[in-house]
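K.L.:
Got a structure for you, written out below as structure tokens; questions coming shortly.
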Amino acid sequence: MKPDINTKFITLLGDPLAQSFAARMQNKGYEAAGLNMLYFYTVTGNEHLGDIVNGLRYMPFAGFAVTKPNKVKVLEYLDELDPLCKKMGSSNTVVKLPDGRLKGYNTDGVGFYTALVEAGVKVAENVFFCFGSGGAGRAMCSILAYHGAPKIYITDLFPESAHALVDDINKNFAQVAEFVPHEDFSKVAAADIVLNASGVGMGKSIGQSPLPKKYIKKEQFYFDACYNPAKTQFLMDAEAAGCKVLNGLSMSLYQGTAQVELWSGQKAPVEAMRQELLDILAEKNGEK
């Protein structure tokens, strides 16, 4: 699709973005749905985030997407928050309303929960351990609490971040979250499902894992929010130990289809977007 005077734009604000498949997936969705919309990348951290967000108000944007490290910081620059987004304290999706105001949503949680259900996970019957309490970790742990997870252990390199998420979950959802100090792996054994939302294993940290191999138990389920690489060291170590593993591809798909529907007001072409993600992975693996 070639942009014209009527094109509505969407940009993803984050850093790093080289690993992202979002633009191809989103643009395939717009094409399949016959929408005159275009998604592209803007590499930025927190430093100029407010200036960029304010500028987007006055340009032909349907909204914008937000990723690491901006999902929490962006809340400062929005006019309104969806109730669940407000409880989560993190936004990955912003819609520009007809009056020009910016409303924040969080589709990460929806995408993550849909991916777990598709994989056969019953959230209310499992204990979770999560590495990472930034934007993705906030959405993932919050949606788990929302859907009845009985216990969620949370750790982060930055303890104040993990403490804040634990406090917010216990206040806004249910008294199920517990802080775990960084590199204290004693609670991992108590978890049925171990989550990596820390970003360790992607970008400059490829080959690294937040969890030493010796703490992995065969009967556990391991999920990594990363999908490029398709298998992080975290997932490879778990798979080698006999665990069931799942990467963030399906989470990315379902959070992305929810975004398309928020920005366009139309039903997202799920299968076209799924196929585009599979094609990208096949290309990455030299299969196409």
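The values are calculated or read from the model by the stated rules, or taken from the named source; none is laboratory data. All figures in this text were calculated on a predicted structure; none of them were measured in a lab. Note: ideal-geometry Cβ built from the backbone for every residue, glycine included; neighbour counts use all protein chains shown. SASA here: full protein model, heavy atoms, side chains in, ligands and nucleic acids out. Shrake-Rupley method; radii C 1.70, N 1.55, O 1.52, S 1.80 Å.
K.L.:
Count, please, the residues in segment 146-199 that happen to be at positive phi, in contact with a helix residue (DSSP H, G or I) (Cβ under 8 Å, 6 or more places away or on another chain) and open to solvent by 30 Å² or more (accessible area, probe 1.4 Å).
P.N.:
Residues meeting the conditions: 1.
K.L.:
Which condition from (1) at pLDDT below 95; (2) open to solvent by less than 40 Å² (accessible area, probe 1.4 Å); (3) part of a loop (DSSP other than H, G, I, E, B) is the one that Pro210 breaks?
P.N.:
(1)
K.L.:
Something else: Cβ contacts < 9 Å: first residue within 15 Å of Asn92 (Cβ to Cβ) and open to solvent by less than 30 Å² (accessible area, probe 1.4 Å), restricted to segment 120-139; second residue part of a strand (DSSP E or B) and among the aromatic types (Phe, Trp, Tyr), any location; separation 6+ or different chain. Result?
P.N.:
Gly137/Phe131
K.L.:
Quick check on my filter: what residues within segment 103-145 are out of contact with any helix residue (DSSP H, G or I) (no Cβ under 9 Å at 6 or more places or on another chain) and in a helix (DSSP H, G or I)?
P.N.:
Residues satisfying the conditions are Ala124, Glu125.
K.L.:
So which residues in segment 258-288 are open to solvent by 10 Å² or more (accessible area, probe 1.4 Å), within 26 Å of Pro98 (Cβ to Cβ) and in a helix (DSSP H, G or I), if there are any at all?
P.N.:
Ala258, Glu261, Leu262, Trp263, Ser264
K.L.:
Still on this model: Identify, please: which residue in segment 227-244 is closer than 27 Å to Thr67 by Cα and part of a loop (DSSP other than H, G, I, E, B) and is, among those, most open to solvent (accessible area, probe 1.4 Å)?
P.N.:
Selected residue: Lys231.
K.L.:
Among the strands (runs of 3 or more DSSP E) confined wholly to segment 1-98, which include 2 or more residues that are open to solvent by 20 Å² or more (accessible area, probe 1.4 Å) and under 24 Å from Gly203 (Cα atoms)?
P.N.:
37-43
K.L.:
Select from segment 213-226 the residues that are buried (at least 24 other Cβ atoms within 10 Å of the Cβ) and assigned to a loop (DSSP other than H, G, I, E, B) and list them in ascending order.
P.N.:
Across segment 213-226, the qualifying residues are Ala225, Cys226.
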